[in-house]
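Everything on this sheet refers to the single structure shown next.
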Amino acid sequence: MKRRIKSLEELEKLRNEIKAKKDPNKPTIAICVGSGCIALGVPEIVKALKNDITRRNLIEKVEIRETGCLGSCEEGPMAIIYPEEICYFRIKTEDASEIIEKTIIGKKIIERLLYKDPNTGRTVKNLKDIPFYKYQLRPLLEKNALFDPKKIEDYIAQGGYSALTKCLFKMKPEDIISEIKTSNLRGRGGGGFPTGTKWQTTKEAPEDPKYVIVNCDEGDPGAFMDRALMEGNPHSILEGLIIGAIAIGSQQGFIYVREEYPLALENISLAVRQAEGLGFLGKNILGSEFSFNVRIHRGAGAFVSGESSALMTAIEGKVGEPRPKYVHTAVKGIWNRPSCLNNVETWANVPLIILNGAKWFRGIGTKGSSGTKIFSLVGKVKNTGLVEVPMGITLQDLVYKIGGGIKEDKEFKAIQTGGPSGGFIPKKYLKLPVDFDELDKIGSMMGSGGMVVMDEDTCMVDVAKYFVDFLLEESCGKCIPCRDGLKVLSSILDDICRGGGKKEDTQIINDLSETIKEASLCALGSTAANPVLTSLEYFKDEWEQHIKEKKCPAKACKALINYYIEPKKCQACLLCLKECPVNAIHGDKDQVHWIEQEKCTKCGACYDICNFNAVERISGRPVPPLPPNGTKPIRKKGK
Amino acid sequence: MVLLKCRHCDYKWDYEGIKEHYATCPNCRYKVRITTEQVDELHKRKMDLKIKNRYAVKNRPFKLKGIAGIVDGFVKEYNYDESMLIQILLKLQENFKWLPKEMLIELSKQLKVPLSQVYQAATFYKSFTVAPRGRHLIRVCMGTSCKVRGSQLILDILESSLGVKNNETTSDGRFTIETVNCIGCCALGPVITVDDEYHGNLKSFDIERILSKYK
Amino acid sequence: MVNSITIEIDGKKIKVKEGITILEAANQLNIDIPNLCHHEELEPFGACRICSVEIERKGRTRIVAACCYPIEEGLKVKTRSEKIDRIRKAILELAAVTSGENVTGEMRSLASEYNADLSKFASRITFKPTKCILCGLCVRRCTEATWDSVIGFVGRGVERQIVEFPEKKDICAVCTYCHDVCPTGRIKSTGADPSFPSLDDVLAGRE
């Protein structure tokens, strides 16, 4: 299969040939090998499965498919067994041979690996009945389970590149642009700019040559949607890019991948090489008159380079600093030529719209925002992972129905959307729908899709300080308001968290935020003040307690809390004594333990490890006096 | 290399510099706009000169040795294209684990970019270091989700058990600790990577076991 | 074929050729917009943001930097108002965080015009003030003069500073270009008495 395909008929012939070789009833184990599951030790599980199959001489009869991200990261490593579509979660290396023996050969289900509903206690067998997946609508992510991203034959067999043939041979470039415009696809990178309008502006700009760019520099902490798409389905992004190039009239494309995603880089490089080998890229694609080439650029560890004008400067070979964007980059971009930049998810939606029609896309979601969106639901929820839902779903459904509620059933405090450019949303706004325009009204924004849930143990002043420190480190430092303004903000917040807050600090913060918002050069600076402003507005009482009473209600700011072992609860088990990294706990087998406050670094290791809840965190009042020497512990009965 | 005409004093001269939007008239010191066609012409002539020089390099009777030879290999791989400066620096960093000063000066000479641009790129991005690092690189993720799930505790334990702070190397050259802003495994926080191996869902007692695997 | 378009600055209408920025158009009317990182012989940089003005276009008002914004038909510009004065004062006070309060030259005269208190955030400074606001004029001027630059930027964000490259020291022509354009008076002279820290010292941690 190494020859270039030269016509539409050849492609269809190849597709039928590959399909004929595949048996839809062949037992298949689709196991996720994305970066997240690799962190949980999946390579050993895959090795164990393969060894077992070899041992039983079943290599021809059973297929092990290594796929991209399947969505449910909290319950990983997970696998789906076809053709029955049984889902197994929390698989360990020891379970590998049991899965082959019982489920593949014996066709029996292993109960303990199934999903267990925490409310009813019943186990659920199929994917579509599990509450995490039941409320989702997944046109983009469900494809991840169907093929191996390193094999282009799988993608072709599932109908891949048929949107490309439709655009090459049956549609004119103006028809493609009008189809995208009718579907109301908006940029998924956070800006929400209508994609069809951007394509049209680039096409109509007078200069040549034109460029198309894929932006996979996902710097937002807490968001990993682009990584999952790039690792799991790189060919769909490539197909969308080629369709965009046909519509705009461009011959050269760039894919910018950040350096922290090595597996995504590997998969997309392999996909480009395979596509070039088969004739989907290069000169005279599929025998038509259209030629197109793609070059891959690696990032080097800068969040600011993800901004569109900074990315174009980085592709030119210079340092990735933003430029003033008063003339759109669609008119003057790389080397002052028209360049169209879109996010990975936007490009991945394009083949679906071409195949299913703009009306189908418009029918999902709300009036202003059509289609589905992938969110990364992370933080303190029970079911973390990637969810794909139609636009317009309420935050309450996201957190409680799909997320399953707060971890350990604690109290919900806030949800942070949109990365460092967004804001905090308190409990009273949970009923709001999520789309491009609704969250702007309360000071936040949907952004690229990161949703971090916080519970009662998170201190809102501490998290606001975290965001300001993050932006201070990642700022390029070119303009005065962002560089120096964030420096002053960080210094003020640091003082507040250490107990040195003054009354006039909130007024200074509000005044400075106006300058930072209005006068900064790029979007990083102008949205830098959002986390601090929303935290001040919705959680004012926490700020007052920090400034006036020097107390941290969530007990998270290290300088304002102390750790104390309650003598009545301590069982003298010596566990915390051994665990303390600075040896600040003293005591003995028959003597209650106590913490030496001068040595304590407030790391919290003793709090985590105590099984009897004897370690307490106190804030806002002085530490009680130590128990007298030789106090014996009060032993609990029956232990 | 390209003929420019000043619209204030009508002076014409052959411009050879590196700017791409405006140039300064040597006669009256006013700003003169460079059009996109002239920029293309400039690039084309520079590329022709480079190709001419490349043949001169190919016919050189000796091979370049030492740092010049190492840099020459990578620059040749990327076709002497100055817009690939950052990609070449990434390859150099991967192969040698740091960027010594002599390498940057040599790169500036061979790729024909100003030294200030090379240094600015090498100190702007976090992946590049101009000082040597330990044998194993520990990166602790400090993204929002990992922080909310307790990555600060992991960083504190690493710092106290290895005796160094963030961005420092242990005295025996074994480990270097670095923080990174979001690796992308947000659902499994806190996450660290040691030499490109990921370890997720960490608790405080896992650290000792993980560190002992690396000599 | 450059067209002429009509724009309005502070209530005065003016007919100008296409392709210039608001700052250049205001200079033609002798309206003074303050700036610290702009020079008429260099490309616009947009770093200091003191030239921020309020524009009104299609019914929406925005604050933009006058040195970079290209003029277009029907543009209405306001160069002084309460909000703009507040922002300019705040920017000068913020610039003093990096440079300290002992500045001379253009920045000192702007500070007295806008009543900026340069020591307002003095308690937040944690390192020795350098008298430099990182406007970049000296680096850009040096690149013009030598086509290879003796000095340059290193670092990112708060660690950004201007250093001198010891390897390029001998191409310094003592042309006084950098000394002429510095708006804070940091560069005392060129040649024998070095005004910039050397890159070797900065990397070794001595500065």
### 10 Å Cβ neighbours from other chains, averaged over peptide A:460-468
1
### Query
Just checking chain C: which Cys have no other cysteine's beta-carbon under 4.7 Å?
C:Cys51, C:Cys67, C:Cys68, C:Cys132, C:Cys142, C:Cys172, C:Cys175, C:Cys182
### Task
Fewest Cβ neighbours within 10 Å first, please rank A:Thr120, B:Thr144 accordingly.
A:Thr120, B:Thr144
### Task
Report the local net charge at A:Asn629: Lys and Arg +1, Asp and Glu -1, summed over other residues whose C-beta lies under 14 Å from its C-beta.
-2
### Query
Of A:Pro77, A:Thr93, A:Asn119, which is farthest along the charge dipole of region A:24-140 in the positive direction, counting Lys and Arg as +1 and Asp and Glu as -1 at C-beta?
A:Asn119
### Query
What's the center-to-center distance, using Cα atoms, between region A:310-361 and region A:529-602 in Å?
48
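If you restrict to DSSP beta bridges whose two residues both lie in region A:24-140, what percentage is antiparallel, to the nearest 5?
Working: 10 of 15 bridges.
Antiparallel bridges: around 65 percent, rounded to the nearest 5.
Of the beta bridges DSSP finds with both residues in region A:160-361, what % are antiparallel, to the nearest 5?
Values: 2 of 19 bridges.
Around 10 percent of the beta bridges assigned by DSSP in region A:160-361 are antiparallel ones.
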### Message
How much length would be gained if the chain were fully extended between A:Lys125 and A:Asp469, taking 0.36 nm per residue of separation minus their Cα-Cα distance, in nm to one decimal?
### Response
119.3 nm
### Query
How far apart, in nm, are the 7 Å Cα→Cβ label points at A:Glu174 and B:Thr36?
2.3
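Please compare each pair in C:Lys13/C:Lys89; C:Lys131/C:Lys188; A:Lys332/B:Lys76; A:Lys26/A:Lys107; B:Lys12/B:Lys44 to a cut-off of 23 Å on the Cα-Cα distance and tell me which ones are over it.
Details: C:Lys13/C:Lys89 28 Å; C:Lys131/C:Lys188 11 Å; A:Lys332/B:Lys76 30 Å; A:Lys26/A:Lys107 13 Å; B:Lys12/B:Lys44 21 Å.
In this structure, C:Lys13/C:Lys89; A:Lys332/B:Lys76 lie more than 23 Å apart at Cα.
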### Farthest positive-ward along region A:372-455 dipole, Cα basis, beta-carbon charges - from A:Gly449, A:Val434, A:Phe424
A:Phe424
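Can you tell me what share of the DSSP beta bridges in the protein assembly as shown is antiparallel? A percent to the nearest 5 is fine.
Numbers: 71 of 106 bridges.
Given both bridge residues lie in the protein assembly as shown, the antiparallel proportion sits at roughly 65 percent.
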## Note on the structure
Contact order relative to length for chain A, counting C-alpha pairs under 8 Å separated by 6 or more residues, stands in percent at 11
## Note on the structure
In degrees, nearest 10, the alpha-carbon axis of helix A:262-278 is tilted away from the dominant principal axis of the alpha carbons of chain A by 0
### Query
Under the classification rounded if a/c is under 1.5, otherwise prolate if a/b is larger than b/c and oblate if not, where does region A:248-327 fall, given a ≥ b ≥ c as square roots of the Cα gyration tensor eigenvalues?
oblate
### Query
Quick one: helix A:42-55 against the long Cα principal axis of chain A, what's the angle to the nearest 10°, folded into 0 to 90?
60
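How much FRET efficiency would the formula 1/(1 + (r/R0)^6) give for B:Asp10 and A:Lys166, where r is the Cβ-Cβ distance and R0 is 56 Å, rounded to 0.05?
Details: r = 57 Å, r/R0 = 1.01.
Computed FRET efficiency for B:Asp10 and A:Lys166 comes out at 0.50.
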## Note on the structure
Counting all Cα-Cα pairs in region C:82-129, those more than 14 Å apart amount in percent to 45
### Zone of B:Lys97's modelled label, taken as backbone nitrogen in region B:113-155 under 13 Å from a point 7 Å along Cα→Cβ
B:131-138
### Shielding of C:156-166 by partner chains, average beta-carbon count, 10 Å
6
### Query
Sorted by packing (mean other beta-carbon atoms within 10 Å per residue), highest first, where do A:161-172, C:122-133 land?
A:161-172, C:122-133
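Using the alpha carbons of chain C, what is the convex hull volume per residue in cubic angstrom, as a whole number? Provide the component values of the computation, followed by the final result.
On the way: hull volume 29.8 nm³, N = 207.
Considering the Cα atoms of chain C, their hull volume per residue is 144 Å³.
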### Query
Rg to Rh for the protein assembly as shown: what is it, with Cα atoms only and Rh by Kirkwood?
0.97
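Rounded if a/c is under 1.5, else prolate if a/b beats b/c, else oblate: with a ≥ b ≥ c from the C-alpha gyration tensor eigenvalues square-rooted, which is region C:2-91?
Details: a/c = 1.78, a/b = 1.20, b/c = 1.49.
Note, shape of region C:2-91 comes out oblate.
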### Query
Do you know the relative contact order of chain B, to the nearest whole percent, from alpha carbon pairs under 8 angstrom that are 6+ apart?
13
### Task
Work from the charge dipole of region B:66-124 (Cβ charges, +1 for Lys and Arg, -1 for Asp and Glu, about the Cα centre) and give the residue of B:Leu107, B:Tyr78, B:Thr123 farthest towards its positive end.
B:Thr123
### Query
With springs only between Cα atoms under 10 Å, which of C:Arg108, C:Arg60, C:Arg88 fluctuates most in a Gaussian network model of chain C?
C:Arg60
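Give me the number: length gained by fully extending A:Lys150 to A:Lys181, i.e. 0.36 nm times residue separation minus the C-alpha to C-alpha distance, one decimal in nm. Each step should come with its number before you reach the end.
Details: separation 31, 0.36 × 31 = 11.16 nm, distance 3.25 nm.
Length gained, A:Lys150 through A:Lys181: 7.9 nm.
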### Query
Over chain C, what is the mean sequence separation of C-alpha contacts under 8 Å (at least six apart), divided by residue count, expressed as relative contact order in percent?
15
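For A:Arg4 and A:Arg56, what is the calculated FRET efficiency with R₀ set at 35 Å and r taken between the beta-carbons, to the nearest 0.05? Walk me through the numbers before you get to the answer.
Values: r = 40 Å, r/R0 = 1.15.
The pair A:Arg4/A:Arg56 has a calculated efficiency of 0.30.
What's the Kirkwood radius of region A:1-118 in Å, using all Cα pairs? The partial results should precede the final answer.
Details: mean 1/r = 0.0633 Å⁻¹.
Here the Kirkwood hydrodynamic radius works out to 15.8 Å.
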### Task
Kindly identify region A:136-197 as rounded, prolate or oblate by the Cα gyration tensor criterion: order the square roots of the eigenvalues as a ≥ b ≥ c, call it rounded if a/c is under 1.5, otherwise compare a/b with b/c, prolate if a/b is larger, else oblate.
oblate
### Query
What's the center-to-center distance, using Cα atoms, between region C:13-43 and region C:122-139 in Å?
27
### Query
Quick one: which of A:87-99, C:36-48, A:500-512 comes out on top by average Cβ neighbours within 10 Å, and what's the full order, highest first?
C:36-48, A:87-99, A:500-512
### Message
Rounded to the nearest 20 debye, what is the charge dipole size of the protein assembly as shown about its Cα centre when +1 sits on each Lys and Arg Cβ and -1 on each Asp and Glu Cβ?
### Response
1400
### Task
Using Cα positions and a limit of under 17 Å, work out the lysines in reach of C:Lys15, with same-chain residues fewer than 8 apart set aside.
C:Lys76, C:Lys78
### Summary
The ³J(HN,Hα) series, computed from each phi in region C:107-123 with the Karplus coefficients 6.51, -1.76 and 1.60 at θ = phi - 60°, rounded to the nearest Hz and given as x for glycine or proline, is 5, 5, 5, 5, 5, 6, 5, 9, 6, 8, 8, 6, 9, 5, 9, 4, 6
### Query
Taking the Cα centre of chain C as the origin, how large is its charge dipole in debye, to the nearest 20, when only Lys and Arg (+1) and Asp and Glu (-1) carry charge on their Cβ atoms?
840
### Message
If you average the alpha carbon positions of region B:137-215 and of region A:166-195, how far apart do those two centres end up, in angstrom?
### Response
43
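Since every read-out is calculated from the coordinates, none of them should be taken as a lab result. Please read these numbers as outputs of a predicted model, since none were measured by experiment. Reconstructed Cβ throughout: ideal geometry from the backbone, glycine too, with neighbour counts over all protein chains shown.
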